[in-house]
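Heads up, the thing below is written out as C-alpha cells.
The values are calculated or read from the model by the stated rules, or taken from the named source; none is laboratory data. Since the model is a prediction, treat every value here as computed from it, not as a measurement. Here Cβ is always computed from backbone atoms with ideal geometry, including for glycine, and neighbour counts include all displayed protein chains. Side chains included, ligands, DNA and RNA excluded: accessible areas come from the protein's heavy atoms. Shrake-Rupley method; radii C 1.70, N 1.55, O 1.52, S 1.80 Å.
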Amino acid sequence: MPLSLTVLGTASPHPGPGRPCSGYLLRGAGAEVWVDAGPGTFAELQRHTDPDRLTAIWISHLHADHSADLLAAAYALAYGGMTPPAPIPVYAPLDCARRLAGFLGRPDVRFLSEVFDFRALFDGHTVRHWNLRLTSRAVAHDTEAYGLRAECQGSVLAYSGDSGPCDALGELAFGADLFLCEADVDRHSEGEHDQRVHLTPEEAGETARRAGARELCITHVGPTLTREDATARAAVTFGGLARTAREGETIPF
C-alpha cells in the first residue's frame, strides 16, 4: 500500500497508562512523518522507527496534548545519540520554536536549529517529500490549528487535528481513503454554537459522509465518552466503515 498510519497515541486531554496523547507515524513513498507529538508519543515512536530517520514532523496546533513531546525529541536528538544527518523539518504554527525554547529556559531559538528546521504552517500550505504530498488547512479551534491531507500515489489520508465543524474539514476529507477524525465531546453546551472547537461523534460521522470518505477512524475521544461508544455513534451518521484508533495499530491503505 502507498500509505500507512501507525497510531502512537489517542488520549485527550492527558495521557493515561498505555495511552499517550495524540500522535501518529505516517509512512509513504519512503517518507516518515511524525504527525502530532502529544505526551508519551516520542517513546512510542521509537517502537516503530529511529527518530533520526524522520523525514518531517507535522504539528496541528500548540496545545500540550499535541505538541509537548517535542521537548523529549529535542533532548534525544541533541544530546541522546539520535542526532539526525540534517535538521528535521518541523511544520507547525508560527510560535512553535519560541515556545519550545521558552520551556527549555533559553532566550532564543537558535540552539534548536541543529536538530529542527521550523517552517510555519498557513492555510493552504503544501509541501512534497518525494511522492508524499502534505496539504494543511486552517480549521476551527480556540487557537491557530490545522488539519492535514496526505496524498501518495493515489492514496489519501485526512486528519482533522482538533477542530469544530467547518468547511475545511470536509475539503480535507473529500474522497479520502481514511479520515482520521477527533470525536472529543459528547454534546455541545447551550450557547456554544458560535465557537465549537471539537466534534461530537455524530459530527465526525456526518463530516465523513458528506466528504465521501471511504473509511472513518475515530480518535482523540474525550473523558466524557468511551472510544467504543464514540465510534459506534459516528458509524451511524457516517453509514460506512468506522474503526477506533488504537495505540500500536498500523493501518495500511
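Keeping all protein chains in place and using 1.4 angstrom, which order do GLU249, GLU32, GLU114 fall into by accessible surface area, from largest down?
On the way: GLU249 55, GLU32 15, GLU114 140 Å².
Of GLU249, GLU32, GLU114, the descending order of accessible area is GLU114, GLU249, GLU32.
Could I have the simple spin-label model distance between TYR75 and THR250, label points 7 Å from Cα toward Cβ, reported in nm to one decimal?
The two pseudo-label positions are separated by 2.8 nm.
Considering only protein heavy atoms and a 1.4 Å probe, what is the carbon-and-sulfur percentage of the accessible area of region 1-92? List each step's numbers first, then the result.
Working: 1710 of 3070 Å².
On region 1-92, the fraction of accessible area on carbon and sulfur atoms equals 56 percent.
Using the Karplus curve 6.51 cos²θ - 1.76 cosθ + 1.60 with θ = phi - 60°, what ³J(HN,Hα) values do you get for each residue of region 170-176, in whole Hz, with x for Gly and Pro?
x, 5, 5, 8, 4, x, 5
Please give the contour-minus-distance gain from GLU171 to GLU114: 0.36 nm per residue of separation, less the Cα-Cα distance, rounded to one decimal in nm.
Gain on stretching GLU171 to GLU114: 16.9 nm.
Taking the full set of protein chains and a 1.4 angstrom probe, give the accessible area of PHE122 in square angstrom, rounded to the nearest 10.
Using a 1.4 Å probe on the heavy atoms, I get roughly 110 Å².
Tell me the angle of helix 201-211 to the major Cα principal axis of the chain, expressed in degrees between 0 and 90 and rounded to the nearest ten.
Between helix and principal axis, roughly 90 degrees.
How would you classify region 87-237 from its alpha-carbon gyration tensor, with a ≥ b ≥ c the square roots of the eigenvalues: rounded for a/c under 1.5, else prolate if a/b is greater than b/c, otherwise oblate?
Working: a/c = 2.30, a/b = 1.45, b/c = 1.59.
The shape class here is oblate.
About its Cα centre, what dipole magnitude does the chain give when the only charges are +1 on Lys and Arg Cβ and -1 on Asp and Glu Cβ, stated in debye to the nearest 20?
Values: 22 positive and 33 negative charges, 131 e Å.
Dipole about the Cα centre, nearest 20: 640 debye.
Using alpha carbon centroids, what distance separates region 125-143 and region 226-253, in Å?
23 Å
By accessible area of protein heavy atoms, probe 1.4 Å, what ranking do TYR75, TYR24 get, highest first? Don't jump to the answer; show the numbers that get you there.
Details: TYR75 130, TYR24 0 Å².
I get TYR75, TYR24, largest accessible area first.
Using only the Cα atoms of region 1-99, what do you get for the radius of gyration and for Dmax, in Å?
12.6, 38
Among CYS166, GLY124, ALA204, pick out the residue whose Cα is farthest towards the positive end of the charge dipole of region 86-205, where Lys and Arg carry +1 and Asp and Glu carry -1 on C-beta, about the Cα centre.
Most positive-ward Cα: GLY124.
Using a 1.4 Å probe, how large is the accessible area of VAL33, given in Å² and rounded to the nearest 10?
Surface open to solvent at VAL33 totals about 0 Å².
Name the shape class, rounded, prolate or oblate, that the alpha-carbon gyration tensor gives for region 195-236, where a ≥ b ≥ c are the square roots of its eigenvalues, rounded holds for a/c under 1.5, and otherwise prolate holds if a/b is larger than b/c and oblate otherwise. Let's see the in-between values first.
Values: a/c = 2.16, a/b = 1.30, b/c = 1.66.
The shape class here is oblate.
Write out the trypsin sites (Lys or Arg not before Pro) in region 153-253 meeting two conditions: DSSP loop, and at most 16 other Cβ atoms within 10 Å of their Cβ.
Taking region 153-253 and a limit of 16 other Cβ atoms within 10 Å, the loop trypsin sites (Lys or Arg not before Pro) found are ARG187, ARG214, ARG246.
Between PRO39, PRO89, PRO20, where does the largest GNM mean-square fluctuation fall for the chain, given springs only between Cα atoms within less than 10 Å?
PRO89
Once fully extended, how much extra length lies between GLU228 and ARG210, figured as 0.36 nm per residue of separation less the alpha-carbon to alpha-carbon distance?
4.2 nm
Which whole-Hz couplings ³J(HN,Hα) result when phi for each residue of region 84-100 is put into the Karplus expression 6.51 cos²θ - 1.76 cosθ + 1.60, θ = phi - 60°, listed in order with x for Gly and Pro?
x, x, 8, x, 7, x, 10, 8, 7, x, 3, 7, 4, 5, 5, 5, 5
For region 21-125, state which trypsin sites (Lys or Arg not before Pro) are in a DSSP loop and have at most 15 other beta carbons lying within 10 Å of their beta carbon.
Working: sites: ARG27, ARG47, ARG53, ARG98, ARG99, ARG110, ARG119; in loops: none.
Hits after loop and neighbour filter: nothing returned.
Return the long-range amide H neighbours of GLU249 (sequence gap of 5 or more, or a different chain), with a cut-off of under 5 Å between placed amide H atoms.
Under 5 Å from the amide H of GLU249 lie the amide H atoms of VAL7, each far enough along the sequence or on another chain.
With every protein chain kept in place and ligands, DNA and RNA left out, what is the accessible area per residue of region 16-133? Probe 1.4 Å, answer in Å². Present the calculation step by step, with values, prior to reporting the outcome.
Working: 5240 Å² over 118 residues.
Counting only protein heavy atoms, the per-residue value for region 16-133 is 44 Å².
For region 133-177, with all protein chains present and a 1.4 Å probe, just round the carbon and sulfur fraction of the accessible area to a whole percent. Mind showing how you got there, number by number?
Numbers: 640 of 1440 Å².
C and S fraction of accessible area: 44 percent.
Provide the per-residue ³J(HN,Hα) series for region 108-115, in order, calculated from phi with Karplus coefficients 6.51, -1.76, 1.60 and θ = phi - 60°, each as a whole number of Hz, with x at glycine and proline positions.
Calculated HN-Hα couplings, in order: 9, 9, 4, 5, 6, 5, 6, 10 Hz.
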